[in-house]
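Chemist: I'd like to ask some things about the structure below.
The values are calculated or read from the model by the stated rules, or taken from the named source; none is laboratory data. Here the structure is a predicted model, which is why all the values come from computation and not from measurement. All Cβ positions, glycine included, derive from the backbone under ideal geometry; neighbour counts span all protein chains shown.
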Amino acid sequence: MSFLAQRFAVSRQLVDLAERFARDHAGRTLVIDEVHRYPDWARELKNIHDLLPDLHVIVTGSSHLDQERGAYPYGQGARTA
């Protein structure tokens, strides 16, 4: 189990994680691995972007192909490598 999974239950919202990271740790870059495991992850990432514009977020996951096919409407401005 990853450090993130141990410290933060999957049932919690990613926005909560990002807010705590930015507030409590003065974090500037948040890395989220296997983002597709979080419910409604695309909407959560959009909310993080809207609420914390100075926070840089790097995500990885296995849903890259779905993103390119347009399966996630909230990723329209996202850059994919």
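Chemist: Just name the residue that is surrounded by the fewest Cβ atoms within 10 Å (Cβ to Cβ) out of those in region 37-48 that are at pLDDT below 85 and closer than 12 Å to Gly61 by Cα.
Modeler: Looking at residues that are at pLDDT below 85 and closer than 12 Å to Gly61 by Cα, I get Arg37.
Chemist: Mind checking which pairs have a first residue in region 24-36 that is more than 10 Å from Val57 (Cβ to Cβ) and a second that is outside any strand (DSSP E or B) and at pLDDT below 90, Cβ under 6 Å, 6 or more apart or different chains?
Modeler: Listed pairs, sorted by first residue: Asp33/Thr60; Glu34/Gly61; His36/Gly61; His36/Ser62; His36/Ser63.
Chemist: Please count how many residues of region 1-36 are β-branched (Val, Ile, Thr), part of a helix (DSSP H, G or I) and at pLDDT below 80. Outline the logic, then answer.
Modeler: Applying the first criterion (β-branched (Val, Ile, Thr)) to region 1-36 yields 10, 15, 29, 31-32, 35.
Narrowing the set further to residues that are part of a helix (DSSP H, G or I) leaves 15, 35.
Checking which are at pLDDT below 80 leaves us with none.
Looking only at that region, the number is 0.
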